[in-house]
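Quick note: the coordinates plus some simple rules give every number you see, no bench work behind them. What you see is a predicted model; the values in this text were computed from it and never measured. All Cβ positions, even for glycine, are placed from backbone atoms using ideal geometry, and neighbour counts span all protein chains on display.
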Amino acid sequence: MVELPGDKSISHRYAILAALAEGRSEIRNYSSAQDCKSTVECLRSLGVGIEASKDVVRVSGVGLRGLKAPRRALDAENSGTTMRLLAGVLAGQSFASTLTGDRSLRRRPMRRVIDPLTRMGAEIRARESEFAPLEIRGGKLQPIDYTLPVASAQLKSAILLAGLYTEGETWIEEPVRTRDHLEIALREFGAEVHHRNQAVGVRGGARLAGRGLVVPGDLSSAVFFLAAGLILPDSELVIHNVGLNPTRTAVLDFLISMGAPVRLVSVQMREGELVGDVAVRHALLSGGTISGAAVAQMIDELPMLAALGPYTEQGIEIRGAQELRVKESDRIAALAENLRKMGAQVEEFPDGLRVAGRSAGRLHGAAIEPRGDHRIAMAFAIAALGAEGETTIRDAGCVAVSFPEFFPILERVVER
């Protein structure tokens, strides 16, 4: 039985909403990821009282209008979620603030969040009108009806959070349904959320109420161990207490379509989120193609799925995933480079790649350069389990951004 830390996406959102609520909230199994710690530190700099011990975070909410002007720039470090979601909150404040991050985050595109928040009434200045630092002068916001130019749960969440500071309803149309953790959490805290077709709306001015919450295990982290179970001969693995939100489980459907013996056990509803155990055992996979809406639904899992390609019969092809080029690294290039180092046959495209299956030969050990990207490092640590010889992951400490316990848990899994 494997226990995983709390879901990153949910942890960010619970912490932010708890800060904007009135009263005290207790969040259990809060993610240990450095990204989620960045959110906590930014909220503290905005005057929110937060106590953190092990995996429990206690937040003394200040209400929608209770945040204070920070004394210095808010540092999101490597966390795009922190930057984009807090931009939505800061757009509705009566003070000016600056959001910055590390070198990697300052290269990631922010215009997509700047544009709708500016339309709502915020003033935002950015380097080259695109990149952090973001200088935000908030104010009285107006509700908007907005169609997302790309499928992005971070962008949707930023606009919904800004919508809390309007008089009226803010509506967001999605080209593809993305993870809905914020919508669920908003309801749990007492906001009014509506749906119509592919759109979601929030009514401004809600009084959020503090409460107790438990964060389910992170499915995106679980995927690495599901892949390990599929690769290692004679393995059987159960991952406990995993979030099974339907907007996140496309990766399980894809694995099952390739012949993976994945089972869901003890599924229950908790705080609006489906939670359960996921069981897997070793199997030979057929391979497949990921494109269209599935790309947005599995964006965080694509590196691990690509690295599974050499262990499948027909290989794995990913298309329409140009968004991978502007993550913590150029993930398409990083995957192609490191898979080739291990002996895989890879064809790289502007929007994805094709990884040949096992008929192209067995992988061999290599020195992997993850380019400071946590998901690349973890994907190749798993791919190395079935390779001949030793694999070295350079800068392996980058996994702390999302999953500090990754290597200790992997060691225990392999030893069983």
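Efficiency by 1/(1 + (r/R0)^6): what FRET value for D55 and R137, r their Cβ-Cβ distance, R0 = 30 Å, to the nearest 0.05?
Details: r = 36 Å, r/R0 = 1.21.
So the FRET efficiency works out to roughly 0.25.
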With a Förster distance of 56 angstrom and the Cβ-Cβ distance between Q345 and E22, calculated FRET efficiency to the nearest 0.05 equals 0.45
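Report, to two decimal places, the Cα Rg of segment 182-288 normalised by 2.2 N^0.38 Å (N = number of residues).
Dividing the Cα radius of gyration by 2.2 N^0.38 Å gives 1.32.
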With a cut-off of at most 16 other beta carbons within 10 Å, and DSSP calling the residue loop, which GluC sites (Glu not before Pro) in segment 98-169 qualify? Please list them. E128, E130, E167
Using 7 Å Cα-to-Cβ label points, what is the E390/E3 separation (nm, one decimal)? 3.3 nm
Where the Cα atoms of segment 7-211 are projected onto their three principal axes, how long is each span, largest first, in whole Å? 40, 36, 30
Considering the alpha-carbon set of segment 278-405 alone, what are its Rg and its Dmax in angstrom? 13.6, 37
Separation between the S291 and E192 pseudo-spin-labels, each 7 Å from Cα along Cα→Cβ, expressed in nm? 4.4 nm
Pairwise centroid distance, computed over Cα atoms, of segment 151-201 with segment 239-280, Å: 24 Å
Taking loop as defined by DSSP and a crowding limit of 16 other beta carbons within 10 Å, which trypsin sites (Lys or Arg not before Pro) in segment 35-100 fit? K54, R65, K68, R71, R72
Mind running the shape call on segment 34-88? Use the C-alpha gyration tensor, a ≥ b ≥ c as the square roots of the eigenvalues: rounded below 1.5 for a/c, prolate if a/b tops b/c, oblate otherwise. oblate
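How much length, in nm to one decimal, is gained on full extension between D145 and A96, taken as 0.36 nm per residue of separation minus their Cα-Cα distance?
Details: separation 49, 0.36 × 49 = 17.64 nm, distance 2.53 nm.
Using 0.36 nm per residue and subtracting the Cα-Cα distance, I get 15.1 nm.
Take peptides 21-30, 105-114, 221-230, 143-152 and line them up by average Cβ neighbours within 10 Å, highest first, as a rough protection proxy. All intermediate terms of the calculation are to be shown ahead of the outcome.
Numbers: 21-30: 20.1, 105-114: 18.5, 221-230: 25.6, 143-152: 16.6.
Top to bottom by mean Cβ count within 10 Å: 221-230, 21-30, 105-114, 143-152.
Between D115 and R127, 0.36 nm times their residue separation minus their Cα-Cα distance comes to what? Walk me through the numbers before you get to the answer.
Values: separation 12, 0.36 × 12 = 4.32 nm, distance 1.41 nm.
That works out to 2.9 nm of additional length.
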Once both axes come from the Cα atoms, what is the angle between helix 111-120 and the longest principal axis of the chain, in degrees from 0 to 90, rounded to 10? 20 degrees
Using alpha-carbon coordinates, inclination of helix 374-383 to the longest axis of the chain, degrees: 20 degrees
Taking the chain, how much of its Cα-Cα pair set, in percent, is spaced more than 26 angstrom apart? 53 percent
Compute the distribution of all C-alpha to C-alpha distances in segment 124-250, in bins of 10 Å from 0, and list the percent of pairs in each, rounded to whole numbers. 11, 31, 30, 19, 8, 2, 0
